[in-house]
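Beneath this line is the structure, given in structure tokens, with notes to follow.
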Amino acid sequence: MKPIIGITSNIDSAAHTLQNTYIQAVIDGGGVPFIIPTGVESDVQQITTLLNGLIISGGGDMNPHLFNEEPWPELGNVTPERDSIEMELVRHMLKLDKPILGICRGHQVLNVALGGTLYQDIVSQVASPILQHDQKAKREYQSHAVHIEKGTILESITTSDKIMVNSFHHQAVKDIPSPLVVSGKASDGIAEAVESTDHHFVVGVQWHPESLMQNSDQVSRRLFEAYMKACVERMAAVEYH
Ligand code: MN
């Protein structure tokens with residue numbers, strides 16, 4: 001039996017969309033990808049019982065009201081229906097301790113679902129000099145470094161104190177609530193990776209490993225492998241009980 005991995009999708013007025021790279025990364029990792037639409041909040045308990053893992057994909061901005069802020073002028077496009085299903089999925093998956101991988105926006109969703117806050121726009125909200133986090137280079141280019149914190153899941157995966165990542169975000173996690181800890185930081189102090197100290201495998205990364213994998217980046221490959229391994233372990237544990 002392969003693990004069933006739910007992947008959240010983007011929505012606009014006409015279509016649900018999801019980059020193929022997420023789907024391919026799950027298939028390559030030995031899982032079965034299921035794309036989760038918006039509008040199924042009332043069925044989340046049944047959905048999360050079925051899933052062996054959840055990937056919260058990248059996308060636009062989160063509604064700042066979810067962390068009790070009014071919108072700043074630099075806030076981009078928000079999709080409240082997407083926020084809603086993703087927050088519900090995260091809460092249920094955490095309760096079941098099933099693995100979650102949050103990517104880019106998904107890393108931010110994870111933080112907000114646990115009670116954290118975001119910089120709505122890092123360029124206008126962070127006082128100290130910051131790096132270019134919305135890179136102009138192509139998707140697979142690894143434009144800035146992430147310094148890895150010792151003793152974290154991320155360190156055990158990367159086996160390194162510094163990795164290079166791509167960067168396509170103008171928002172970032174700000175206040176990070178327990179049980180999340182920062183596991184990777186950019187040189188300007190922006191938290192680029194978080195993980196839970198209370199769950200089997202709950203990891204958020206601000207970059208796009210599913211894109212870097214297409215370019216044979218070994219760290220990204222190991223991150224997906226570790227995630228899929230956790231999904232298989234939890235699948236076995238849940239079935240046993
Ligand atoms: Mn970045």
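The values are calculated or read from the model by the stated rules, or taken from the named source; none is laboratory data. These figures come from a predicted structure and were not determined experimentally. Here the Cβ is made from the backbone with ideal geometry for all residues, glycine too, and neighbour counts use every protein chain on show.
Residues Q171, Q142: which one is among the polar types (S, T, N, Q), at pLDDT 95 or above and crowded, with 21+ Cβ neighbours inside 10 Å? Outline the logic, then answer.
Numbers: Q142 fails: crowded, with 21+ Cβ neighbours inside 10 Å.
Checking each option against the conditions leaves just Q171.
Here are some residues: T21, T48. Which one is in a helix (DSSP H, G or I) and touching a strand residue (DSSP E or B) at 6+ places or on another chain (Cβ under 8 Å)?
T48
Which of the residues spanning segment 81-111 are assigned to a helix (DSSP H, G or I), among the β-branched types (V, I, T) and under 20 Å from R234 (Cα atoms)?
V90
Is it the case that V165 is among the hydrophobic types (A, V, I, L, M, F, W, C), within 17 Å of the chain's Cα centre (by Cα) and under 30 Å from E69 (Cβ atoms)?
Numbers: among the hydrophobic types (A, V, I, L, M, F, W, C): yes; within 17 Å of the chain's Cα centre (by Cα): yes; under 30 Å from E69 (Cβ atoms): yes.
Taking the combined requirement at face value, the residue satisfies it.
So that you can scan it fast, the table gives a plain yes or no per residue for (1) of a type outside the set (D, E); (2) surrounded by 18 or more Cβ atoms within 10 Å (Cβ to Cβ); (3) farther than 28 Å from M213 by Cβ:
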position	(1), (2), (3)
H65	yes, no, yes
P73	yes, no, yes
T79	yes, yes, no
R82	yes, yes, no
M93	yes, yes, no
L96	yes, no, no
G102	yes, yes, no
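Which residues, counting only those in segment 201-218, are of a type in the set (V, I, T) and within 15 Å of S143 (Cβ to Cβ)? Write out each step before concluding.
Keep residues of segment 201-218 that are of a type in the set (V, I, T), which gives 202-203, 205.
Passing the criteria: only V205.
Answer with yes or no whether S183 is over 18 Å from N215 (Cβ atoms) and surrounded by fewer than 16 Cβ atoms within 10 Å (Cβ to Cβ).
no
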